[in-house]
Every structure is written in structure tokens, then in C-alpha cells.
Amino acid sequence: MGEKVQMKVNKAEAAERVKKIWPILKKTYPDAKTALNFRDPLELLIATILSAQCTDVRVNMVTKDLFKKCKSAADWARADIKDIESDIKSTGFYHNKAAAIKGACRTITEKFGGKVPDTMEELVGLPGVGRKTANVVLGGAFGKPAIACDTHVIRLSGRLGLSENTDAVKLEYDLAEIVPKKSWTFFGNALILHGRNVCKARKPDCRNCPIAKYCPAVFNPALW
């Protein structure tokens, strides 16, 4: 395969492409949602922090027992960081993740009365929480329109000619302009599922892709 090329994106054309692929994605992935297991906003916040550079499957294995030990932000804030590190070690980068979890929960306890805040501004103000994590929580736990741009969303947005940006934050803003706001959360989750199941990084299954006829990369593999 030759060197990957960068597609020039026309936002009006990208918006039209979204209109065409959205109903197909909706039919293909009608229940698209985060694969992380959670019962409340706090559990989703912690699970999302753990999911950085780790599979959702592994995170769900860890949180199955983890969430039995600490059930409130105050519990996490009081927990010994060494114990947290030991419990989450298999998710990788456990020093940073443990510090983020403990720090975020301390702030939630002290500043928000133990309840996870439900605005982007407040969420990204928590230690270790960036826009991607905040968007997962806003969309998954609070039902608010939010586009979480993970590696799948970044890859598929490039292949589908929706954005030239590979930076997650810039891509989020690009998609917000061309995807109807009410569909933000579903669209992001559907792209993630499609990236895992069909439009894989190394061997996209274009032959069995339901949106292939609207994908510029099908006709130009250099965009892979």
C-alpha cells in the first residue's frame, strides 16, 4: 500500500453524506451505545477513565468487582491510591488512572456534593477528565447530545470524508457542524461500532459495508 493521502473535505458535501449514511447506520446499529457497563454517572466516569488505551471488554472485567468496593465519590476519594492502582493495574497506565480517579472523585465530593456534574465545562474541570471522557459521560449517563471522538471515529471520519482533522477536539467540532445535534451521541456510538465490526484499521470489509457506496475510501484505498 502506498503512502496515505489526505482528503480535502467540503463541509456541505460532508453534511449531505451524513444525511445519506445516518439512516443506514440507524438501521444497522439501532441500539448503538457505549459498550462500558455502568449503573450511574460516577461508574461511567470511572470506567471511561480506565478505558484509555484499553479495551472496553477488559475494563468491564475489572469494574465488575471494582464497583463493589467503592460506591460513592467519597469512597473513591478516601481510598488508598495503592489499592486503586492494584485493582486497575490490568487496564494499563494505572498510576495516572488511579490519580485521575481519586482526584476527580475528591473534587466531585468537595465541589459538587458527591454528584457527577452534567456540563462539559464542569466535567473537564475534574482532574484527568478531557473532552472525550466528558462526552462519553454526557451522552451515556445524562442523555445529552455529545460526540465522543475515539480512534474509530477519527479513522472513519477521515475515510468517509467528513473531516480532515485527526485531532479529537478539532474533529468533534467539525462533526458538530455537519451532524444534527439530536443525533450526536448516536452517530458517534454507531461509528465506533462500525469501526469495530466492519471498517477496521488494517482490513476494512468494504464488500460487506452497508455504507460503502457513500464512502470515498472505497474507491481510493490510499485514504485508508
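The values are calculated or read from the model by the stated rules, or taken from the named source; none is laboratory data. A quick note: this is a predicted structure, and the numbers were derived from the prediction, not measured. Quick reminder, even Gly has a Cβ in these numbers, built from the backbone with ideal geometry, and neighbours come from all protein chains shown.
So is Lys111 more than 21 Å from Thr34 (Cα to Cα), among the basic types (Lys, Arg), at pLDDT 95 or above and outside the structural domain of Ile192 (by TED's automatic domain parsing) or not? Step through it out loud before you land on a result.
Details: more than 21 Å from Thr34 (Cα to Cα): yes; among the basic types (Lys, Arg): yes; at pLDDT 95 or above: yes; outside the structural domain of Ile192 (by TED's automatic domain parsing): yes.
Criteria met by Lys111.
Considering only the stretch 191-205, state which residues are in contact (Cβ under 8 Å) with a residue 12 or more places away in the chain, of a type outside the set (A, V, I, L, M) and not in a loop (DSSP other than H, G, I, E, B).
Listed by number, the residues that qualify are His194, Gly195, Arg196.
Report whether or not Lys8 is in a loop (DSSP other than H, G, I, E, B), at pLDDT below 95 and touching a Phe, Trp or Tyr at 6+ places or on another chain (Cβ under 8 Å).
Criteria not met by Lys8.
Being in a loop (DSSP other than H, G, I, E, B) and either aliphatic (A, V, I, L, M) or under 18 Å from Ile192 (Cα atoms) (or both) is the filter here, so list the residues in the stretch 123-143 that pass it.
Val124, Leu126, Val129, Ala141, Gly143
Step by step: first the residues of the stretch 16-34, then only those that are free of Cβ contacts under 8 Å to residues at least 60 places away in the same chain and not in a helix (DSSP H, G or I), then the one that is nearest to Leu138 (Cα to Cα). Which residue is that?
Selected residue: Asp31.
Out of the residues in the stretch 140-163 that are within 23 Å of Leu36 (Cα to Cα) and touching a Pro at 6+ places or on another chain (Cβ under 7 Å), which is surrounded by the fewest Cβ atoms within 10 Å (Cβ to Cβ)?
Phe142
Across the stretch 48-61, what is the total count of residues that are surrounded by fewer than 19 Cβ atoms within 10 Å (Cβ to Cβ) and either hydrophobic (A, V, I, L, M, F, W, C) or part of a helix (DSSP H, G or I) (or both)?
Number of matching residues: 7.
Of all residues being of a type in the set (Phe, Trp, Tyr) and in a helix (DSSP H, G or I) in the stretch 74-122, which is farthest from Pro41 (Cα to Cα)? Just the residue, please.
That would be Tyr94.
How many residues are of a type in the set (Asp, Glu) and over 24 Å from Lys213 (Cα atoms) if we restrict to the stretch 151-171?
Residues of the stretch 151-171 of a type in the set (Asp, Glu): 164, 167.
From the residues that got through so far, the ones that are over 24 Å from Lys213 (Cα atoms) too are 167.
So the answer is 1.
To keep it simple, each residue is scored yes or no on (1) surrounded by fewer than 20 Cβ atoms within 10 Å (Cβ to Cβ); (2) in the same structural domain as Trp22 (by TED's automatic domain parsing); (3) closer than 17 Å to Val136 by Cβ; (4) of a type in the set (Gly, Ala, Ser).
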residue	(1), (2), (3), (4)
Asn165	yes, yes, no, no
Leu171	no, yes, yes, no
Ala176	yes, yes, yes, yes
Phe186	no, yes, yes, no
Arg202	yes, yes, no, no
Asp205	yes, yes, no, no
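Given the residues Ile101, Ile84, which is the only one that is at negative phi, aliphatic (A, V, I, L, M), surrounded by 13 or more Cβ atoms within 10 Å (Cβ to Cβ) and without any contact (Cβ under 8 Å) to a residue 40 or more places away in the chain?
Values: Ile101 fails: without any contact (Cβ under 8 Å) to a residue 40 or more places away in the chain.
Answer to the check: Ile84.
From (1) closer than 30 Å to Ile178 by Cα; (2) touching a Gly at 6+ places or on another chain (Cβ under 9 Å); (3) outside the structural domain of Thr166 (by TED's automatic domain parsing), pick out the condition that doesn't hold for Lys97.
(1)
Restricting attention to the stretch 144-165, which residues are in a helix (DSSP H, G or I) and of a type in the set (Lys, Arg)?
Arg155, Arg159
Does the stretch 18-34 contain at least one residue that is touching an Asp or Glu at 6+ places or on another chain (Cβ under 8 Å) and of a type outside the set (Ser, Thr, Tyr)?
no
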